[in-house]
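Everything below concerns the one structure shown next.
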Amino acid sequence: MENLENEFEKIIKAHQNAIYTVCYMFSKDTDEINDLFQETLINLWKGFQDFRNESSIRTWIWRVCLNTCISSERKKKRRVETVPLSVDIDLFNDDDSDSKQIRMLYDRINQLGPFDRAIVLLWLENMSYDEIGAVIGISAKNVSVRLVRIKEELKKMSNK
């Protein structure tokens with residue numbers, strides 16, 4: 001069991017930035033991002049022993065993370081809206097022009113549906129269309145078509 005835990009820990013350390021990036025794309029609230037991250041780790045641990053290497057570990061982690069975040073978003077829509085407590089510190093705010101552009105891009109991406117958001121996120125992580133298709137569960141050709149449509153939608157958002 002200890003060997004399994006060590007292996008899991010190494011894999012998580014190697015992929016923690018990708019996991020965090022996915023969680024960040026599904027929320028801007030730091031507490032919620034941390035909750036999504038923890039929930040993803042729990043789901044990864046639950047499925048780790050059953051991972052059969054039918055895909056790469058990277059693909060499996062992305063799929064679990066995206067499914068966790070999408071499921072959480074669906075649950076969130078069913079919940080009663082609450083008023084969050086405000087903290088005066090914003091760790092995500094940088095005032096340089098690059099940070100502003102990145103924030104604007106993420107804001108536009110966040111307006112996309114969960115499925116399209118997931119595709120863009122994987123594409124921004126430089127995954128191949130085949131890898132994206134394996135994570136999402138569609139063909140590489142379908143990934144290509146959807147990305148063209150998503151890019152057009154993002155362009156329309158920037159013109160508004």
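The values are calculated or read from the model by the stated rules, or taken from the named source; none is laboratory data. For clarity, every value in this text was computed on a predicted model and none was experimentally measured. Note that we place each Cβ from the backbone using ideal geometry, even for glycine, and neighbour counts take in every protein chain shown.
Considering only residues that are among the small types (Gly, Ala, Ser) and not in a helix (DSSP H, G or I), look in region 103-149 and name the one that is surrounded by the fewest Cβ atoms within 10 Å (Cβ to Cβ). If you could, list the steps in order and put the result at the bottom.
Of all residues in region 103-149, those among the small types (Gly, Ala, Ser) come to 113, 118, 128, 133-134, 137, 139-140, 144.
From what is left, the residues that are not in a helix (DSSP H, G or I) are 113, 128, 137, 139.
Working: 113: 12, 128: 12, 137: 9, 139: 13.
That would be 137.
Among (1) surrounded by fewer than 17 Cβ atoms within 10 Å (Cβ to Cβ); (2) of a type in the set (S, T, N, Q); (3) closer than 21 Å to residue 109 by Cα, where does residue 68 come up short?
It fails just one condition, (1).
Residues that are over 16 Å from the mean Cα position of the chain (by Cα), at pLDDT 90 or above and either closer than 18 Å to residue 70 by Cα or not acidic (Asp, Glu) (or both): does region 86-93 have at least one? It would help to see each step written out before you state the result.
Initial filter on region 86-93 (over 16 Å from the mean Cα position of the chain (by Cα)): 86-93.
Filter again for at pLDDT 90 or above, leaving none.
No - not one qualifying residue is present in region 86-93.
Is it the case that residue 19 is part of a helix (DSSP H, G or I) and surrounded by 14 or more Cβ atoms within 10 Å (Cβ to Cβ)?
Working: part of a helix (DSSP H, G or I): yes; surrounded by 14 or more Cβ atoms within 10 Å (Cβ to Cβ): yes.
It is true that residue 19 is part of a helix (DSSP H, G or I) and surrounded by 14 or more Cβ atoms within 10 Å (Cβ to Cβ).
Contact list please: Cβ distance under 6 Å, first residue in region 15-34 and more than 14 Å from residue 124 (Cα to Cα) and among the aliphatic types (A, V, I, L, M), second residue surrounded by 16 or more Cβ atoms within 10 Å (Cβ to Cβ) and at pLDDT below 90, pairs at least six apart or on different chains.
Final answer for the pair search is 33/24; 33/27.
The conditions are (1) at pLDDT below 90; (2) hydroxyl-bearing (Ser, Thr, Tyr); (3) under 30 Å from residue 157 (Cα atoms), and residue 55 fails exactly one of them. Which is it?
(3)
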